[in-house]
1. Listed residues 207, 196, 246, 241; which is crowded, with 24+ Cβ neighbours inside 10 Å and assigned by TED's automatic domain parsing to the domain that holds residue 155?
2. Is it the case that residue 153 is on the phi > 0 side of the Ramachandran plot and crowded, with 19+ Cβ neighbours inside 10 Å?
3. Step by step: first the residues of the stretch 86-109, then only those that are touching a strand residue (DSSP E or B) at 6+ places or on another chain (Cβ under 9 Å) and in a helix (DSSP H, G or I), then the one that is surrounded by the fewest Cβ atoms within 10 Å (Cβ to Cβ). Which residue is that?
4. Is it the case that residue 410 is modelled with pLDDT of 95 or more, surrounded by 14 or more Cβ atoms within 10 Å (Cβ to Cβ), farther than 19 Å from residue 495 by Cβ and not assigned by TED's automatic domain parsing to the domain that holds residue 71?
5. What is the one condition in (1) more than 23 Å from the chain's Cα centre (by Cα); (2) farther than 25 Å from residue 250 by Cβ; (3) modelled with pLDDT of 95 or more that residue 279 does not satisfy?
6. Any idea which of (1) surrounded by fewer than 19 Cβ atoms within 10 Å (Cβ to Cβ); (2) free of Cβ contacts under 8 Å to residues at least 40 places away in the same chain; (3) closer than 26 Å to residue 396 by Cβ is the one residue 491 doesn't satisfy?
7. Got at least one residue in the stretch 32-42 being at pLDDT 95 or above, under 25 Å from the mean Cα position of the chain (by Cα) and part of a helix (DSSP H, G or I)?
8. Quick one: residue 235 ticks every box in (1) more than 24 Å from residue 152 (Cα to Cα); (2) buried (at least 24 other Cβ atoms within 10 Å of the Cβ) except a single one, so which number is it?
């Protein structure tokens, strides 16, 4: 399928207008466990819309892409997060604290982050969907890099699901087909998938909408709507809406993705779907904004109901971006934001996907099969070297959050810290290093893997090895290293894993940061809360 420029531009604008509509509509009810009987905005909008943090966070990502293009990754996004994003609450704050401590993504999103599974990253999906319309394989790769800055596990999987859904919506409009496509990008047994299947099952069985919401909550119970209440108040609020379970603090992403799917399926038009998304309660500005963006992509800006668009106009109001520093250009309107993204697309997607030699602007080639290929590409070929050597999105999302991954022109390095990024007195620590011969420059190689430790750390055995690395599909060189830090007198251990392919001038250095945890003297926040 070819996506024509005029159609694409209308859908991108519709995405951001829909995002704005949902964020404003649901804003007053955010964080409340209750069913809302509201059919339209309740704010006084004479002076324009209030700020929408679900939208403005992505402007920082846009600025990063404008500078770094396809080369943008979690490390670059982390730097922009530290420099330009104001909020320091829950997962945002812990992600920042981890980055400042030297913990690189995905460690920054996982370590001591009780809200790693919450809603802060799946609300940032639209930028990747709009930059890779009709190409969810590519869009979800960037969603993964985005998510691991300050989330992991179910929080990260939620962003991958929503990004796949919205990217595919540029080429497909049938809800059931789109949901099936998005599910192909996440593990079948994750809680996000369970919540989505629960919503589908409720709709198929004609379960009343509010009863369906309760069922989704019980399958994947979150606590967003009661997180600022006492336990007694939380139970009272849950009882009031018929929930049997209060929910786990921080485990919010799965049920909210289920809520979005339910609101989408139970509604028959834009009005009904927005009302359902807000009716649910909990994180209403997020559910409404994400569903509004999805509807805006499918319908286009020209077909969004005027009664919803007119009170907001085209204006964007931000609250989370620090504009005191150079490097961020904040668009004033949804039209300006859409135009900036549209200008980036030819360079971002490249000549294989975008035809710019077109009198009507450009056309975008959509992915032939919108489902995750999961390494099935070229499987009919006899020569396995013709397969795609990149890890699929499903493989990426299945990696442990203790795996640090760096890509270089001729190889990829994965450093697995095994179990946790901590060392303890009296205990030997092991790491596992994998070098993959990947991408277009693969050749028969020898990989030299070296471990560089500071004074006071004893490497147990060899600190360097030389391993063969062939160019067949899936080829990799793997090495285990062990060390003891009993004589290391600092709380923070920084060391380097160096990889070089013999006969090539380029090399890669992966910096690893570990924190010392004294057995019996320190307990994590999550351990304290459960006692």
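1. Values: 207 fails: crowded, with 24+ Cβ neighbours inside 10 Å; 246 fails: crowded, with 24+ Cβ neighbours inside 10 Å; 241 fails: crowded, with 24+ Cβ neighbours inside 10 Å.
Result: 196 is the single residue among 207, 196, 246, 241 that is crowded, with 24+ Cβ neighbours inside 10 Å and assigned by TED's automatic domain parsing to the domain that holds residue 155.
2. yes
3. 96
4. Here the answer is no, as residue 410 does not meet what is asked.
5. (2)
6. (3)
7. From the stretch 32-42, those at pLDDT 95 or above are 32-42; that's our starting set.
Still in the list and also under 25 Å from the mean Cα position of the chain (by Cα): 32.
If we keep only those that are part of a helix (DSSP H, G or I) too, we end up with none.
No, the stretch 32-42 contains no residue that is at pLDDT 95 or above, under 25 Å from the mean Cα position of the chain (by Cα) and part of a helix (DSSP H, G or I).
8. Failing condition for residue 235: (2).
The values are calculated or read from the model by the stated rules, or taken from the named source; none is laboratory data. Predicted model, so just to flag it, every value in this text is computed and none were measured. All Cβ positions, even for glycine, are placed from backbone atoms using ideal geometry, and neighbour counts span all protein chains on display.
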